[in-house]
1. What helices (runs of 4 or more DSSP H) completely inside the stretch A:27-107 contain at least 2 residues that are within 21 Å of residue A:274 (Cβ to Cβ)?
2. Considering each residue of the stretch A:109-128, count those that are hydroxyl-bearing (Ser, Thr, Tyr) and within 16 Å of residue A:169 (Cβ to Cβ), and give that number.
3. Collect the residues in the stretch B:258-278 that are touching a strand residue (DSSP E or B) at 6+ places or on another chain (Cβ under 6 Å) and open to solvent by 60 Å² or more (accessible area, probe 1.4 Å), keeping them in residue-number order.
4. Hand me the list of strands (runs of 3 or more DSSP E) wholly inside the stretch B:183-278 holding 3 or more residues that are at pLDDT 90 or above and hydrophobic (A, V, I, L, M, F, W, C).
5. Cβ-Cβ distance below 6 Å, separation of 6 or more or different chains: which pairs start in the stretch B:19-39 with a residue that is assigned to a loop (DSSP other than H, G, I, E, B) and end on one that is of a type in the set (Gly, Ala, Ser)?
6. Kindly check whether there is at least one residue in the stretch B:23-39 that is among the charged types (D, E, K, R) and within 16 Å of ligand 1 (Cβ to nearest atom).
7. Based on what the data block shows, is residue B:189 within 14 Å of another protein chain (Cβ to nearest Cβ), within 16 Å of ligand 2 (Cβ to nearest atom) and more than 19 Å from residue B:86 (Cβ to Cβ)?
8. Take residue B:149 and tell me if it is part of a strand (DSSP E or B), within 14 Å of another protein chain (Cβ to nearest Cβ) and either within 23 Å of residue B:100 (Cβ to Cβ) or touching a strand residue (DSSP E or B) at 6+ places or on another chain (Cβ under 7 Å) (or both).
Amino acid sequence: MSLDTEDTAVGTREDEPLSIISDTRLVPAQWRVHLGLIGSILLMASPLLLAFVMSTQTVPEVYDITNVGIGSDGLANYVEVFTTYGMASYMFNSLVMSIVVTVAKIAVSLLAAVALVFYDFRFKNAIFFLILFTLMFPVPVRIVPLYEMMAALGWTNTLLALTGPYVASATAVFLLRQHFMSIPDSLVESAKVDGVGPLRFLWDVLIPMSRGMISGLSVITFIYAWNQYLWPLIVISDQNKQVVQVGMKYLQSVGNAGQTDWGLIMAGAVLTLLPPLLALIVFRGPLLETFGLSE
Amino acid sequence: MTGITTTDLVKRFDDVTAVDGVDLNVREGEFLVLVGPSGCGKSTTLRLLAGLESPTEGAVAIADEDVTTTSPGERDVAMVFQSYALYPHMTARENMTFGLTTATQFTDDEVNDRVAEAAEILDIEDLLDRTPSALSGGEQQRVAIGRALVRDPEVFLMDEPLSNLDAKLRVQMRAELAELHAQLQTTTLYVTHDQVEAMTLGDRVAVMNDGEIQQVAPPQLLYDAPATRFVAEFIGSPGMNTVEGTIKRRGDAVHVTWEQNTVPLPRPVPEAVTSRAGESVVLGVRPEDLSQEKRGPLNMEVTVTEPLGDSLLTRGVVGATEMEVSLPPRSAVNVGDVLSLTADPQRLHLFDVETGAAFYHSADDVASEATDQTARDAPRSRT
Ligand SMILES: Nc1ncnc2c1ncn2[C@@H]1O[C@H](COP(=O)(O)OP(=O)(O)OP(=O)(O)O)[C@@H](O)[C@H]1O
Ligand SMILES: [Mg+2]
């Protein structure tokens, strides 16, 4: 290498237009990349954007394919789903269901993970694999026997039936177990020598040390529960106890003269989207941590 | 009496016997250091005392009470870990009080007083509201010790608490630990693999090897009258030179010889030695007890010289045996030289070839003291 350092530096700049050099030019050096990125984002966001646009349109405007601007209905559809079609009560039911599922699932999974990591008992690994095995049987697969069970218990059409099947979760147990295993043994032993009991250790040491993991799991669980459709549809028969995803279906039958009122449905869809979106935005930090993606 | 006594303690993990029949007696208020090479079972012994492992055989008593099956929390011991084991999400103060607030015998005021007192002793008053991540290694270790202090336990158990610190800080903390113990007089068992730490800190030092206690003695005695060949080679830096030779008796004079080298034993030679005339023995002599002398009885060919500043450590071969000798600094010695050496006749040790047990120390005062100590601590090693 006979090049001096200055030459090398200049060469790098010219030869590699994609090199990541932050500057303040109006059109970034890598504009082609940016164009591609913007294009793909628009493509991915298009259903959402269209939903929002349609939620502001009247029925004729929706059926006019070429009309993709903000419609003339304004927020009227939103007001209507709330006032006439009981969206508020669906959303409230969904919120209750999601919160109950989240809290119960985290609590049960925490206890299971603590048992699996910090206690010695026979067949520990077998039990753990049995728990993992349940991953192969998600709720929809178990719907028929589950429904029979709920009917036998007399739980149908109640919150218990709505939330019960979601409380145990192999994923949450697995993630918490892995996290607990990364906690140094000496912390546990120190607590033992100091006479700190298991529940206090869980509450004052494990939970605070797993805060990120627990909030990440909570967000995932919350969104998962919020998006449930099939099971609520089957197990809840009263319309006023129904959750928002099923409530959306009721909106479908609203339209007049055989024309579905898409504006109304899209307004409902946008509203349904907001709570999970909010949860994602607020908890994005811990969520990334949960998946080991944070920097 | 708040000492610790173990009786024939054995711990086996599957195929490994980590602790093999340990009878240890830590006296009330004593600072006993357990030292030995890596993997000899020191930590396991300590964990057996803390109750973190349960023994395969044998018993543990703390303060004259059999605690073999008692849970760790009820043994009234405090443990300091090599990794400090501080809770990362708690401040130093919370770390120190966490174990305390469980034991409900303390009111809030008492807890505060204790923390304040411990913080003052350890000089960490300004650090109490920081979390461990905002503390240096030495500061973390102080907090960890503080956590043990506030509990005011019967017994302190420490597993290599200083080994994560840099050399300078280690020396400083060592002095502070010694001072702390002088002040508190709490019975302490301290585990380390560093024999300098062991010698400087211990009221007595227990040397362990392969799961067995080799010798328990005050540091100087351990150095002057090692009970076994292992202790002789392990204690001291560098350890004692040992060489296999034969006892030769010519009239009154007794020598140990190997190849062309001869070391005379000082008179009078005790019966224990003369009775073995003609047998193989292991002769031990420390590097600092060898010195250059014209026409001395030992010839060493130098292979390595290590100037340590205050002395010149010289390694070489005597006959076919590698030996080390500590010479005055700036001695004119080069690799390849043949040095003529003599051994201090008052500083010779003989060990049994088979068992490694010492049967002769040429310094008579030391020899008798060693016998006393043995009598006091029996039963001890099973070498
Ligand atoms: N839980 C365990 N399972 C199996 N073997 C173990 C276990 N704990 C310790 N051992 C073995 O027991 C022996 C003694 O281990 P120990 O930790 O007591 O050594 P040590 O003297 O503390 O060593 P070091 O100075 O390296 O800390 C080692 O051979 C180790 O591999
Ligand atoms: Mg150890």
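1. Output list reads A:31-55, A:76-83.
2. Going through the stretch A:109-128 one residue at a time, the tally reaches 1.
3. B:264
4. Filter on the stretch B:183-278 gives B:204-209, B:212-217.
5. B:27/B:3; B:28/B:3
6. Scanning the stretch B:23-39 turns up no residue that is among the charged types (D, E, K, R) and within 16 Å of ligand 1 (Cβ to nearest atom).
7. yes
8. No: the conditions fail for residue B:149.
The values are calculated or read from the model by the stated rules, or taken from the named source; none is laboratory data. In this text, all values refer to a predicted model and were calculated from it rather than measured experimentally. Because the Cβ atoms are built from the backbone with ideal geometry, glycine has one as well, and the counts that use them run over all protein chains shown. These area figures cover heavy atoms from the full protein model, side chains too; ligands, DNA and RNA do not enter into them. Shrake-Rupley method; radii C 1.70, N 1.55, O 1.52, S 1.80 Å.
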